[in-house]
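Comments concern the structure below.
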Amino acid sequence: MRIRLDQIADEPFLWEETLSIPVAEVERTELVALGEVALRGELRRTEPGLLLKGRVRYRQTLTCDRCLSPFSAPVDALIELWIQPERRQEVAPEQELEEADFGVLYVAGEDLDTAPLLREQLQLNIPMKPLCRPDCVGLCPQCGADLNQDACQCAGPGTDPRWSALADLRSHLD
Ligand SMILES: [Zn+2]
Ligand SMILES: [Zn+2]
């Protein structure tokens, strides 16, 4: 959705929208599927600029970093961004860093397009190492069996597959 920013005066602008965003546009290989993204937003003027507060809800399917199985999980996340007109002067690097902490979005022109903003939020909601469950034991480093399903024959009797995975990792480090 495109929102005319110059129309927002004293009253906050409230809106709701539902977007279908193609998985390829999010540019994360861990993302397998994406449900419709529901956004509920509020824009209010806070001289200088505007403050955007929103809530996104959707379902995403990710590939587990350990067992490589796809798993689906709901997302319910808050957005808080400070909207500023596109800057034209040079900004000192320290200042830029400081601004990044606050989540500043620079907008060129009169319109705010919510689609690119949402794509960025979707990226933020994908963990660096997604896990199907916190205690996922992953694949056997030798035979590739999914150790969540069944213990394979590689680990000797009485050996916890988690320890053999660790031992394997250690042997790689040595
Ligand atoms: Zn897993
Ligand atoms: Zn195995």
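The values are calculated or read from the model by the stated rules, or taken from the named source; none is laboratory data. None of the values given here were measured: they were computed from a predicted structure. Note: ideal-geometry Cβ built from the backbone for every residue, glycine included; neighbour counts use all protein chains shown. Accessible surface is based on the protein model in full, side chains and every heavy atom, while ligands, DNA and RNA are left aside. Shrake-Rupley method; radii C 1.70, N 1.55, O 1.52, S 1.80 Å.
Quick look at the numbers
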item	result
Single residue of the range 102-145 satisfying the filter (away from ligand 2 (no atom under 16 Å from the Cβ), in contact with a strand residue (DSSP E or B) (Cβ under 7 Å, 6 or more places away or on another chain) and part of a loop (DSSP other than H, G, I, E, B)) that is nearest to residue 28 (Cα to Cα)	126
Failed criterion for residue 31 (all others in (1) hydrophobic (A, V, I, L, M, F, W, C); (2) open to solvent by 20 Å² or more (accessible area, probe 1.4 Å); (3) in contact with a Leu (Cβ under 7 Å, 6 or more places away or on another chain) hold)	(2)
Options 146, 150: the member that is crowded, with 17+ Cβ neighbours inside 10 Å and either within 19 Å of residue 60 (Cα to Cα) or within 16 Å of ligand 1 (Cβ to nearest atom) (or both)	146
The range 6-28, residues that are surrounded by 11 or more Cβ atoms within 10 Å (Cβ to Cβ), out of contact with any Lys or Arg (no Cβ under 9 Å at 6 or more places or on another chain) and assigned to a loop (DSSP other than H, G, I, E, B)	28
Qualifying residue in the range 100-110 (condition: among the charged types (D, E, K, R) and at pLDDT below 95)	yes
